[in-house]
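Chemist: Here you go, one structure.
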Amino acid sequence: MTTEQNQAEVNYQKLFLEIRPQLSSYLYRLTANKQDMDDLLQDTYIKISDKISSFRGESSFKTWVFAVATNLARDNRRVNNRWSADAQDKCRAAADASVDVQNRMLKAFAELPEKRFEFAEHINYCFTCLGKNLSLEKQISVILKEIFDFSRIEIAQILDVSEGTVKHLLHDGRKEIQEKFEYRCALINKQGACYQCAQLNDYFQEKKDAAEKVSALSIHPQNTSDQNFTERMKLIKLVDPVQGNGAKIEDTILQILRETIGDQ
C-alpha cells in the first residue's frame, strides 16, 4: 500500500474537504446549475466513501475524486445538454423584453457583497456558455487543463482515455472555443455580436466605467488568438463562480439563459 493510498483511506474526509472548493467550481462549470452541483458533490462524496478501499494510489487522490465526479456528471442531463452559439443573445433579448427579468438582475446585483461588476467574472460566464457549445469530452478536457491545471496524463485518467486522445481533445477544444470567443467578442472583434461586459457594467453601476475597464484588460485586437485565449484563461482562473463576489449576479443571468433556451 502506497503512502498516499494509506493516507487517503485514513483521512479521506479531510482530503475531500480540501479539494471541495475546486470540485464545486468544476461541477458548476459543467452543470451551470447550483442544485445539480450540490447533488453531484453529495453523490461524489457518497461514492468515494463507499469505494475508498478500492483507491490504489495509481493517481493522486484529487485526480481519483475528479474522475469519480466526472463519471457521475456524465449521467446528468444538464451536463450533457449542448447550447447553441447564440444562447447568450437569446438571454440578452429576454432581458431587453421583460421588466421582470431586468428586476431579477438588478436585485441580484444589489445583493452582491461589493456592488461592483467585474469583467473577469462575466468573461468567465462567457467561457461557461461557449464551453457548453463543445462536445462534452472537449469541454471537460479544456476545463481541467486550463482552469484546474491537470496534466494530460491526469485528464486521461479522469476520462479513462489515452493521453493521445486527450491531446487531440485539447487541441480541437481550444481551437473551437478560441474561434467562438474571437468571432463573438466585441472587445476584440469590433463586428462581434457580444458586448455584454460593457453593457452590463454600465447598466448596473452608478459609475459608468466600462471604457476604463476595457482599456485595462490584457485582451487586445493586436494580440494573436492564442495570446487572447491565454489572457482570458488567466482572468477566468481567478474567478470563483460559486463563492466569488459576482457569483450571485452571474448565476442569475445563467438561470435566465437556461429558462430562455428551455434548459431547466
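Chemist: Taking a 29 Å limit on the Cα-Cα distance, which of the listed pairs LYS62/LYS138; LYS51/LYS138; LYS132/LYS213; LYS34/LYS115; LYS167/LYS248 fall beyond it?
Modeler: From LYS62/LYS138; LYS51/LYS138; LYS132/LYS213; LYS34/LYS115; LYS167/LYS248, over 29 Å: LYS167/LYS248.
Chemist: Next question. Of the cross-linked pairs LYS207/LYS234; LYS180/LYS237; LYS107/LYS234, which ones have a Cα-Cα span greater than 24 Å in the structure shown?
Modeler: As for pairs spanning more than 24 Å Cα to Cα, those are LYS207/LYS234; LYS107/LYS234.
Chemist: If you fit an axis through the alpha-carbon atoms of helix 247-261 and take the longest principal axis of the Cα set of the chain, what angle between them do you get, 0 to 90°, nearest 10?
Modeler: Tilt of helix 247-261: around 80 degrees.
Chemist: Also, quick follow-up: At a temperature of 10 °C and a viscosity of 1.306 mPa s, determine how fast the chain diffuses translationally according to Stokes-Einstein, using the Kirkwood radius over alpha-carbon pairs as Rh; express D in µm²/s, rounded to the nearest whole number.
Modeler: The calculation lands on 82 µm²/s.
Chemist: Something else about it: Neighbouring Cβ atoms within 10 Å as the yardstick, rank HIS220, HIS122 fewest first.
Modeler: HIS220, HIS122
Chemist: Moving on. Could you give me the ³J(HN,Hα) list for the range 174-179, computed from phi with Karplus coefficients 6.51, -1.76, 1.60 and θ = phi - 60°, whole Hz, x at Gly and Pro?
Modeler: 4, 4, 5, 6, 4, 4
Chemist: Which of the aspartates and glutamates could be linked to LYS145 by a straight reach, that is with a Cα gap under 16 Å, when you skip same-chain ones fewer than 8 residues away?
Modeler: GLU137, GLU154, ASP160, GLU163, ASP172, GLU176, ASP226, GLU231
Chemist: Per DSSP helix of 4 or more residues, -39500 (n - 2.57); summed, then divided by the residues of the chain. What does that give at 222 nm, rounded to the nearest 500?
Modeler: -21500 deg cm²/dmol
Chemist: I'd like the distance between the alpha-carbon centres of the range 50-86 and the range 139-203, rounded to an integer number of Å.
Modeler: Here the two parts' Cα centres lie 19 Å apart.
Chemist: Once you keep just the Cα pairs under 8 angstrom separated by 6 or more residues, what percentage relative contact order results for the range 82-264?
Modeler: Rounded, it is 34 percent for the range 82-264.
Chemist: Considering only C-alpha atoms, what is the centroid distance from the range 12-49 to the range 90-108, in Å?
Modeler: The range 12-49 and the range 90-108 have Cα centres separated by 30 Å.
Read-outs: derived from the displayed coordinates by stated rules, not from any lab. Just so it is clear, the model here is predicted, and its values are computed rather than measured. Cβ: placed from backbone, ideal geometry, glycine included. Neighbour counts: every protein chain shown.
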